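Visitor: Okay, handing you the structure first.
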Amino acid sequence: MKQRLICASSELVDGGHGVRFTVDRQGVSEPAFVVRFEGRVHAHLNRCGHLPVQLDWQPGEFFDHSGLYLICATHGALYAPDSGRCLGGRCNGKGLEAVAVVEHDGQVLLIEEGGESVG
């Protein structure tokens, strides 16, 4: 199992700014992001469950004003930061797709699975 650097751990603050990156899946480049919530890092594809649009209203701004929920800037759908589960709004029960990451020695790393890579 290969790992690739996404960012330094210090770049992620609980409920704060996230880091955008891309993941290649079967030859297709997909936008993704990583955030910190309740002390742990969580990553998802940067694609709303309702429409195929990116969530952040400004690059790296994924949380709502409370810092408790991920929010789609296009139509306000709310998602759980840890699981990507749809919590309300137009996501109609469709959550975010998780991306496997790990935090180790002050770095956040993508866990590459079957041809995934980070850009």
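The values are calculated or read from the model by the stated rules, or taken from the named source; none is laboratory data. From a predicted model like this one, the values you see are computed outputs, not experimental measurements. Every residue, glycine as well, gets a Cβ built from its backbone with ideal geometry; the counts of neighbours run over all protein chains shown. Just the protein is used for accessible areas: all its heavy atoms, side chains included, with ligands, DNA and RNA removed. Shrake-Rupley method; radii C 1.70, N 1.55, O 1.52, S 1.80 Å.
Visitor: Out of Gly49, Gly39, Gly67, Gly89, I need the residue that is over 24 Å from Glu113 (Cα atoms) and surrounded by 15 or more Cβ atoms within 10 Å (Cβ to Cβ). Which one? Give the steps one after another, and end with the answer.
Guide: Numbers: Gly49 fails: over 24 Å from Glu113 (Cα atoms); Gly39 fails: surrounded by 15 or more Cβ atoms within 10 Å (Cβ to Cβ); Gly67 fails: surrounded by 15 or more Cβ atoms within 10 Å (Cβ to Cβ).
Every option except Gly89 fails the conditions.
Visitor: Among (1) exposed (fewer than 13 other Cβ atoms within 10 Å of the Cβ); (2) part of a strand (DSSP E or B), where does Asp24 come up short?
Guide: That leaves (1) as the condition not met.
Visitor: Another question, if that's okay. Of the conditions (1) within 26 Å of Gly93 (Cα to Cα); (2) surrounded by fewer than 20 Cβ atoms within 10 Å (Cβ to Cβ), Gly18 fails just one. Which one is it?
Guide: (2)
Visitor: Which residue, of Gly76, Gly95, Gly84, Gly16, is part of a loop (DSSP other than H, G, I, E, B), of a type in the set (Gly, Ala, Ser), in contact (Cβ under 8 Å) with a residue 24 or more places away in the chain and more than 25 Å from Glu112 (Cβ to Cβ)?
Guide: None of the others qualify; the one that does is Gly16.
Visitor: Take the residues in the range 1-15 that are touching a Ser or Thr at 6+ places or on another chain (Cβ under 9 Å) and open to solvent by 90 Å² or more (accessible area, probe 1.4 Å), then tell me which one is farthest from Leu109 (Cα to Cα). Let's see the steps before the verdict.
Guide: The first filter runs over the range 1-15 and keeps only residues touching a Ser or Thr at 6+ places or on another chain (Cβ under 9 Å), leaving 2, 4, 15.
From what's left, open to solvent by 90 Å² or more (accessible area, probe 1.4 Å): 2, 4.
Details: Lys2: 10, Arg4: 5 Å.
Step by step, filter the range 1-15, then rank; the result is Lys2.
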